[in-house]
Amino acid sequence: MRIDPANPVPPTGIVRRIGRDQVPDHVPPELVFEPGLTYGPEFLADPHKFMAEMHGKYPPVFYNVGPFGNMWSVIKHEDALFVLRHAELFSNEDATPFPRDPAEWFYFIPIEIDPPDHRKYRNIVDPIVSPQGVLKLEDRIRALANDLIDDFIDKGECTFDEAFGRPLPVLVFLDLMGLPRAMCDTFVSWAMALLHSNDRQIMGDTLKTIGDYLKTAIAEKQASPDDGLVSRIVHAEIDGQPISEREAFGFVTFLFIAGLDTVFATLNLIWVWLAQNPERRQEIIDNPDKINAVVEELLRVHSVTFSGRTVAQDVTLRGIQLKKGDKITSILPACNFDPGVFPNPTEVDFNRPKKIILAFTVGVHSCMGAHLARLEVKIALQEWLRRIPEFRMKHGFKAEYRPGGVVGPETVPLVWDVALIP
Amino acid sequence: MPSVTYIEANGASHVIDVPIGENVMHGAVYNGIEGIIGECGGGLACATCHCYVDAAWTGRTGGPSSQDETDMLESTAAEVRPESRLSCQIVVTAELDGLIVHLPEKQF
């Protein structure tokens, strides 16, 4: 059903299936698996190893059952491209199931809007988040990265996730949105409650608190426009008409959810890898002109998320019947380890020919923040390695990964010898 | 403002004014030309803004601007020809006023 973005209503007819008792009849029993993706002990022991090894253990398309919902899963690069690029077959309706008040429903825009309306929203923000657009933020991001490093470089240690991985993307996001940097700690606490509480009551309450703040921010930008994204959105026109209050709210709220956690998790994963691979760190330092290839390859092997869709009409994939209403997820990190596309997939190789990586998905819903994320990772690598080229994990570190839809280590304690700081 | 002519695979032709400094992919996407998708937004990451530069213009646009563009052209859905480019990598200049690009039958 085509939804009307300006008149949001809760979706109807959504079927949630949970566990082995709720496998629909059209699913062949031999395709039903319970891999424990995102929560099982094997997954949590080393999520990326687990996802890389899925290629030997599971069929390319299988039916994944579990306590958080049953869904078809694809692990082949080409299948993910097919699913993500055919919005008419695989819809984004109900793809972002955060709890919302049914009486004050709103859509997360643009992710819950399918074509053709989708492009109208993307056009509002694409000039800001294009590769050329984000370059305007480069100097500020670089200064910010250095300010953060200044705070702990002389201590010889830091909890990377708290001291750098979290504040860098949050502060960049606040700058981009045109919101005050003083909100950083508050935003961090909201993001943690919303994305990591695993408690729908807390998630719902937090989303309401965030919504109240954003409504005030929207009102302020309506009165006094600036060049931030919130202002750009609230003053935008859709089909020649001013954007509606519900649309602007859903758009701004979605950016909040999308903009905070993924870069954080990615940086945390990359810094654990850097700390544990000193010779590769040196390779990056010695090849400054390869930095874009380095970023792309590190994003390939450290992709952090998944991309879910609802089957919009009956369709077959690799001869398997998918029915309207089924859920389907592209396991993006597994797709990025597809040996048919990336030979020796777990090897980090900065000299690979450039190919489509799925860190940011593809298709119309391809991540809007991809170029900002790439820039943030690039600047973080450049500035950190310039100032703290030698570092390691704190003694006794053993990675623990948080369960959930954004994969990353719980904490990243780093140490370095202050005498070796250049 | 320079104009760019986009000729779709079915022959439909669109003349679009594209600002100097903007790329040929954005000129299409922002004006509803469906033959170019540009799903990644211009980051040499998706190969869905493939175009064939008209023979009269290849001298001025030149070939792929980087090894990355050459690599990514291998991921396009339609046939790659000597005049193939990823249109996000063609930046409009005064010299390209009147540029003609032909769009492939499919982008994925």
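The values are calculated or read from the model by the stated rules, or taken from the named source; none is laboratory data. Only a predicted model underlies this, so the values are computations on that prediction, with no experimental measurement involved. Glycine also receives a Cβ, built like all others from the backbone with ideal geometry; neighbour counts cover every protein chain displayed. Please note that ligands, DNA and RNA were not included when accessible areas were found on the heavy atoms of the full protein model with its side chains. Shrake-Rupley method; radii C 1.70, N 1.55, O 1.52, S 1.80 Å.
Determine if the range A:279-297 includes at least one residue that is closer than 22 Å to A:D94 by Cβ and among the polar types (S, T, N, Q).
No.
Where residues in the range A:129-155 are within 14 Å of chain B (Cβ to nearest Cβ) and open to solvent by 40 Å² or more (accessible area, probe 1.4 Å), which of them is nearest to A:M177 (Cα to Cα)?
Checked the range A:129-155; the qualifying residue nearest to A:M177 (Cα to Cα) is A:K136.
Just checking, does the range B:70-84 include any residue being farther than 28 Å from A:Y121 by Cα, among the hydrophobic types (A, V, I, L, M, F, W, C), touching an Asp or Glu at 6+ places or on another chain (Cβ under 8 Å) and not in a loop (DSSP other than H, G, I, E, B)?
Checking the range B:70-84: not a single residue is farther than 28 Å from A:Y121 by Cα, among the hydrophobic types (A, V, I, L, M, F, W, C), touching an Asp or Glu at 6+ places or on another chain (Cβ under 8 Å) and not in a loop (DSSP other than H, G, I, E, B).
Select from the range A:82-117 the residues that are surrounded by fewer than 22 Cβ atoms within 10 Å (Cβ to Cβ) and not in a loop (DSSP other than H, G, I, E, B) and write down the one among them that is farthest from the other protein chains (Cβ to nearest Cβ).
A:A103
Every residue in the range A:186-225 that is over 19 Å from A:E247 (Cα atoms), charged (D, E, K, R) and either in contact with a Lys or Arg (Cβ under 9 Å, 6 or more places away or on another chain) or surrounded by 14 or more Cβ atoms within 10 Å (Cβ to Cβ) (or both), please.
The answer is A:D205, and nothing else.
State whether the residues of the range A:42-59 include one that is within 14 Å of chain B (Cβ to nearest Cβ) and of a type in the set (D, E).
Taking every residue of the range A:42-59 in turn, none turns out to be within 14 Å of chain B (Cβ to nearest Cβ) and of a type in the set (D, E).
Return yes or no: is A:Y107 in contact with a helix residue (DSSP H, G or I) (Cβ under 8 Å, 6 or more places away or on another chain), at pLDDT 90 or above and not aliphatic (A, V, I, L, M)?
It is true that A:Y107 is in contact with a helix residue (DSSP H, G or I) (Cβ under 8 Å, 6 or more places away or on another chain), at pLDDT 90 or above and not aliphatic (A, V, I, L, M).
Given the structure, is A:G165 open to solvent by less than 30 Å² (accessible area, probe 1.4 Å), closer than 13 Å to A:V263 by Cα and at pLDDT 95 or above?
Yes.
Does the range B:24-57 hold any residues that are assigned to a loop (DSSP other than H, G, I, E, B), more than 17 Å from B:K106 (Cα to Cα) and away from every other protein chain (no Cβ under 12 Å), and which are they?
Those that are assigned to a loop (DSSP other than H, G, I, E, B), more than 17 Å from B:K106 (Cα to Cα) and away from every other protein chain (no Cβ under 12 Å): B:D54, B:A55, B:A56, B:W57.
Scan the range B:55-69 and report the pairs whose first residue is touching a residue at least 40 places away in the same chain (Cβ under 8 Å) and whose second residue is open to solvent by 40 Å² or more (accessible area, probe 1.4 Å), with Cβ atoms within less than 8 Å and a gap of 6+ or a chain change.
Going by the 8 Å Cβ cut-off, the qualifying pairs are B:A56/B:I100; B:W57/B:I100.
Run down A:L269, A:L214, A:L207 and say which single residue is in contact (Cβ under 8 Å) with a residue 60 or more places away in the chain and over 30 Å from A:R300 (Cα atoms).
Every option except A:L207 fails the conditions.
Just name the residue that is nearest to B:H102 (Cα to Cα) out of those in the range B:1-23 that are small (G, A, S) and assigned to a loop (DSSP other than H, G, I, E, B).
Applying the filter and picking the extreme gives B:A9.
Are any of the residues in the range A:235-255 in contact with a Phe, Trp or Tyr (Cβ under 9 Å, 6 or more places away or on another chain), open to solvent by 40 Å² or more (accessible area, probe 1.4 Å) and not β-branched (V, I, T)?
yes
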